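Worksheet for the structure shown next.
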Amino acid sequence: MKTAVLATLVVSAAAFAPQSVNTRTNTALEAGKFGSKLQYVPCIPVSKLPSPGSATSGVAGGLAICIAVDPSGSVFALGDKCPPVNQPLSFGKVESGTIQDPVLGTKFSLKSGEVVGPWCPSGIGKLLGGLFDPVGVPTFPVKKKGANIEVQVDVNAKANFESQYWSGVLDAQGKADGKYY
């Protein structure tokens, strides 16, 4: 009986142990059909720019973008998915140099996207945050051009993702080349 309890505890602990990270980046699944192409694309009209100390969401090149304006009026662009559970960062509170996750309380640097201060400090955040390593959000160069706020993104990122996704789905069904296995 003691052996069975011990084995159960070991297996349970192993389920929550950190997994090894594959650092290879040149696998067939990650290789895109299209090369990386950075360019500025319209995200939101200037008329929709939020007031200082707040944020809004937009889309640039198929990516969800959080446009944040700090209290001094500077404009920043970050990924609009808040780790670890991907709620919108654009609902967060913008302070001097940071934006705060509205649910878990983590603060991210507006300039670098890195975590500033404690990871997931709110009530439910303490529970969820312990299951994930701290990770920041992507940042993007942003500029005003004419009547739009433009964000520099890889315009081929969505096409590369979708090309691999659809190939995988069709391949799993045996239809990628029009034949069955």
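The values are calculated or read from the model by the stated rules, or taken from the named source; none is laboratory data. Fair warning: this is a prediction, and the values are worked out from it, not measured in the lab. Don't worry about glycine lacking a Cβ; one is built from the backbone with ideal geometry, like all the others, and counts go over all protein chains shown. SASA here: full protein model, heavy atoms, side chains in, ligands and nucleic acids out. Shrake-Rupley method; radii C 1.70, N 1.55, O 1.52, S 1.80 Å.
Here is how the numbers come out for the structure above:
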item	result
Estimated FRET transfer efficiency when R0 is 35 angstrom, pair residue 152-residue 87 (beta carbons, to 0.05)	0.90
Exceeding the 23 Å Cα-Cα cut-off - candidates 48/111; 111/143; 81/143; 33/144	33/144
Summed residue charge, Cβ within 14 Å of residue 55's Cβ, Lys/Arg positive, Asp/Glu negative	0
Coordinate range along principal axes, alpha carbons of the range 49-89, Å, largest first	29, 23, 11
Full-extension gain in nm, residue 144 to residue 111, via 0.36 nm per residue minus C-alpha separation	10.2 nm
Heavy-atom accessible surface of the range 117-156: percent carbon and sulfur, 1.4 Å	60 percent
Accessible surface, 1.4 Å probe, highest first, among residues 149, 124	124, 149
Calculated FRET efficiency for the pair residue 72/residue 36, C-beta based, R₀ 30 Å, to 0.05	0.40
For the range 88-156, accessible area per residue (1.4 Å probe, heavy atoms of protein chains only), Å²	53 Å²
Distance between modelled label sites at residue 128 and residue 64, nm, 7 Å Cα→Cβ extension	1.2 nm
